[in-house]
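Colleague: First the structure, then my questions, so here it is.
No value in this document is a laboratory result; all are computed from the given coordinates. Computed from a predicted structure; not experimentally measured. Here Cβ is always computed from backbone atoms with ideal geometry, including for glycine, and neighbour counts include all displayed protein chains.
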Amino acid sequence: MKKLLTLLTILSLSCTLLCISGCEDSGDSVYVDEGRLVSDVVINTSMDVFKGMEVPIEGQGFESGDQMMLRAETDLEATTEVSSSNLLTFTLPDEIEDGHTYKFVLLRGDDYQVLGASTLTVKLVINVELDETMSASWGAPAVIRGEGFRMTDVLVLDQAGGSHEITPSEVDDQSVTFIIPEGVAEGESTFTLRRGEETQELGTTELFLSTSAVVPDKEGMTIKGIVHSNGQGIPNVLVSDGDLITQTDENGFYWLASEKRNQLAFIILPSGYDVPTQKAMPQFWKPCTLDASTCEQLDFKLIPTQNDNHTMLVATDMHLANRNTPLDHVQFADGFVSEITANYNSFAGKVYMLNLGDFSWDLYWYSNKWALPECKAAIEDFNFQVWSAMGNHDNDPYVADDFLAEAPYRQYMGPVYYAMNIGKIHYIMLDDTQYTNDGGSQGVVGDREYNRTFTAKQLAWLREELKYVDKSTPIVVGAHCPLYNYSGIDRVTTAVTNVSEVLSCFDGFKNVTFVTGHTHVNRNIQSPSFSNVYEQNVAAVCGTWWWTRNYAGINICTDGSPAGYKIYTVNGTDMKWQYKGVDLPVERQFMTYDMNEVKNYWATDEEAQKAFDSGNLPNRRNDYNSVGENEVFINVWAYEPGWKITVTENGRQLDVEQVWMRDPLHTISYDIPRGVSNSLTFPSGYCPHIFSVTASSANSTLEISVTDRFGNVYTESMTRPKAFKSDF
């Protein structure tokens, strides 16, 4: 010790000279020139370390008996071992302090050499590797990699449902092994290391758990697994690969003799359960990763829940493509996502969403680098599950084959058709677009055309799936393209080629509701051929493909509906619904137009005249020539049979007539400003939910009342003249 103190008294006097003549600082490391004792030593200028860590130093000229000392405000001797002339190892003493800079001093007899200096960040463990996802099994070992773990440590696993304290089962130089307790749930999990009074957060991962049960092989079966709740197998759950359907046995085991055509398997969610959720995506399916001849085990977890009463949001045609001004995904985030998260992320009851397709826009997948993964990220803040159907624009535009073009969808979103029981409602999601995409090839976008039809394989699967559903169960079917169109107020035409074939699958079911998108308008149609089938075609979240915010400051669909979604309130088997315009109260269900003012706009507005004269809006100058003096239009966006519209003027009830007309607000928000200099795509369309009344004068006030099929009453006291402008 006396020798050590003698050396230290001169160390401070020599340090400056040593660093000038013997050190070179690169910013990350200190390099020592050919020195008196050793050479070719590299010391990092900063290090993450733990107490008791063995630190190796490489160099030339180490000798047996060499000792390391760490110098700062206090001087610490370190246990040292010289393995060879090229390697010295010393152990960091427990007295090292976090954030201090220590000089590394080599002692040899009466001589010494400063090898360099390093700022030490002292942690419990270092080099921790915790991936974004961790797959494990209840009661089975899991591993977190890192250096410095001790058997006396405690791992604290924090989840939304509570915390779990876990004692390691094994520790080595590179990892800690622990057993997943039975009470741990799947989902976002944060691991913290506790050692006495000290703690260190190791990171957060998405935990995916399965049972440790081994499902026995069966001859000819290529997919097997268990459906369970916290490790307990659940019998009679349906499992499918998109071609075959089977049921779990009394142990919750299932087997499928699958050709793995769809490269996945999924469960048909039974009533009384949920599946885990990962960033708004329900985890009801798993990909196949082995070839068709090799059996693989795919397990599914269910979570008991009470969801007979729930809210189902139905949204469609988001068309996110990283385009327009403001950018579509910015409009989406500021409008739809902001509203949905504010209203439903902390909602008291169970909430789900059906996404009816055209989540993306195939034309811009590659040019704008915005495809299905980016769309998924745009809704990951939803605190509820989004169950999706595939739209025509969700296909790979480089592929001229329907099944192959669906591959990215199956990879990122799951099966293109499937079913689930949520409460007492049986939901089915189908794919009614057959992508042809002539000219598509690797690196080349095809014409992106498609047929509106249900494939034979899908219909065969649907017929088999419905065998397991009681005929009295209400059915809700989600698909992208509508079954029917209007070609006039009372003229319904078929929009999908094999409507009769798909609807005949539901023979004997009492209540079948199709919810569809694609058209970007609101329409509600009773099937003319199947009395048990009612279709609700829902307007688009994107409005007119995100154009009208730029032109007019509002987001509006081609039928005059505000961009929005439908809210279904489900109590047991009873369903009620309302359309909801984004940024509008749900009490707003219609728009009124003083047609005197609209006709004046058509005749005098300068921009309108430029658009009419451009040739881009042929005959549109004549849109309202047939409209009489003092007429008022009422566009009831979600009108359907059973609604009642009454209008009074000075206490006198006026006759209400349903008319087949274009919506004026959409025209001035899109057709006219775009038509001034551009050819017109997505123009205003004729719609069946506009109603007309004729007042006795231009200045009277009209009292308007609209009552929906569930008895909700929506009113407006319309003071006239009412200005006409691009504003809801």
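Colleague: What's the Kirkwood radius of the stretch 590-718 in Å, using all Cα pairs?
Modeller: It works out to 15.7 Å.
Colleague: Let me ask something additional. If I model the chain as equal point scatterers sitting on the Cα atoms and use the Debye formula, what is log10 I(q)/I(0) at q = 0.06 Å⁻¹?
Modeller: -0.53
Colleague: A further question follows. Calculate I(q)/I(0) for the stretch 253-295 by the Debye formula, one identical point scatterer on each C-alpha and no solvent, and give its log10 at q = 0.14 Å⁻¹ to two decimals.
Modeller: -0.42
Colleague: Could you pull out every one of the lysines with an alpha carbon less than 19 Å from that of LYS471, ignoring same-chain neighbours closer than 8 positions?
Modeller: Answer for LYS471, where 19 Å is the Cα cut-off: LYS424, LYS510, listed by chain and number.
Colleague: Quick one: net charge of VAL656's neighbours, Cβ under 15 Å, K/R +1, D/E -1? Kindly include the intermediate steps, with their values, before the conclusion.
Modeller: Details: positive: LYS644, ARG652; negative: GLU631, GLU649, ASP655, GLU657, GLU703, GLU716.
Value of the local net charge: -4.
Colleague: I'd like the FRET efficiency for VAL42 and GLU201, computed as 1/(1 + (r/R0)^6) with the beta carbon distance as r and R0 of 41 Å, rounded to 0.05. Working shown, then result.
Modeller: Details: r = 31 Å, r/R0 = 0.76.
So the FRET efficiency works out to roughly 0.85.
Colleague: So, in Å, what gap is there between the alpha-carbon centers of the stretch 348-368 and the stretch 544-592?
Modeller: Using only Cα atoms to place each centre, the spacing works out to 17 Å.
Colleague: Hey, which lysines would be in cross-link range of LYS376, C-alpha to C-alpha under 23 Å, not counting anything within fewer than 8 residues on its own chain?
Modeller: Leaving aside lysines fewer than 8 places away in the same chain, those within reach of LYS376 are LYS279, LYS286, LYS301, LYS350, LYS566, LYS580.
Colleague: Report the net charge of residues surrounding GLY231, where surrounding means a beta-carbon distance below 13 angstrom and charges are Lys +1, Arg +1, Asp -1, Glu -1.
Modeller: -2
Colleague: Please compute the modelled spin-label separation between ASP727 and GLU165, points set 7 Å along Cα→Cβ, answer in nm with one decimal.
Modeller: So the label points at GLU165 and ASP727 sit 6.3 nm apart.
Colleague: If packing is taken as the average count of other Cβ atoms within 10 Å, what order do 507-515, 356-364 fall into, highest mean first?
Modeller: Values: 507-515: 17.4, 356-364: 25.8.
With the highest mean Cβ count within 10 Å placed first, the list reads 356-364, 507-515.
Colleague: What ranking of SER338, SER258, SER669, SER531 emerges when the number of other C-beta atoms within 10 Å of each C-beta is taken as an exposure proxy, fewest first?
Modeller: The order, fewest Cβ neighbours first, is SER531, SER338, SER258, SER669.
Colleague: Can you tell me the length gained on complete extension of the stretch ASN625 to GLN658, counting 0.36 nm per residue apart and subtracting the Cα distance?
Modeller: Contour length minus the Cα-Cα distance gives 10.2 nm.
Colleague: If you don't mind, another one. Out of THR277, VAL122, THR701, whose Cα points farthest toward the positive end of the dipole of the chain (charges: +1 Lys, Arg; -1 Asp, Glu; placed on Cβ)?
Modeller: Farthest towards the positive pole: THR701.
Colleague: Under a Cβ-only charge scheme (Lys and Arg +1, Asp and Glu -1), can you give me the dipole magnitude of the chain about the Cα centre, in debye to the nearest 20?
Modeller: 2700 debye
Colleague: Testing the spin-label approximation: label points 7 Å from Cα along Cα→Cβ at ALA140 and GLN411. State their distance in nm.
Modeller: Result: 2.7 nm between the two label points.
Colleague: Counting Lys and Arg as +1 and Asp and Glu as -1, each charge on the Cβ, what is the dipole of the stretch 306-581 about the Cα centre in debye, to the nearest 20?
Modeller: 640 debye
Colleague: Quick check: the distance between the Cα centres of the stretch 401-445 and the stretch 659-681, to the nearest angstrom?
Modeller: With the stretch 401-445 and the stretch 659-681 each reduced to a Cα centre, they are spaced 33 Å.
Colleague: Now for a different question. Considering only SER210, GLY187, GLY139, whose Cα is most displaced toward the positive end of the charge dipole of the stretch 127-210, charges sitting on Cβ of Lys, Arg (+1) and Asp, Glu (-1)?
Modeller: Of the candidates, GLY139 comes out farthest on the positive side.
Colleague: How large is the convex hull of the Cα atoms of the stretch 127-210 per residue, expressed in Å³ as a whole number?
Modeller: Enclosed volume per residue, from the Cα hull, is 81 Å³.
Colleague: Which whole-angstrom value gives the distance between the alpha carbon centres of the stretch 298-341 and the stretch 138-166?
Modeller: 34 Å
Colleague: Follow-up question, since we're still on this one. I'd like the Karplus ³J(HN,Hα) series for the stretch 60-71: coefficients 6.51, -1.76, 1.60, θ = phi - 60°, whole numbers in Hz, and an x wherever there's a Gly or Pro.
Modeller: Each residue of the stretch 60-71 in turn: 10, x, 5, 10, 4, x, 4, 10, 9, 10, 9, 10 Hz.
Colleague: Tally Lys and Arg at +1 and Asp and Glu at -1 over the other residues with C-beta under 12 Å from the C-beta of GLU296: what net charge comes out?
Modeller: Counting the neighbours of GLU296, the net charge comes to -1.
Colleague: So how do TYR468, TYR254, TYR484, TYR344 line up by other beta-carbon neighbours within 10 Å, fewest first?
Modeller: Listed from fewest to most nearby Cβ atoms, that is TYR468, TYR344, TYR484, TYR254.
Colleague: So what is the calculated 222 nm ellipticity per residue for the chain, using -39500 (n - 2.57) for each DSSP H run with n of 4 or more, over all residues, to the nearest 500 deg cm²/dmol?
Modeller: Per the formula, -3500 deg cm²/dmol.
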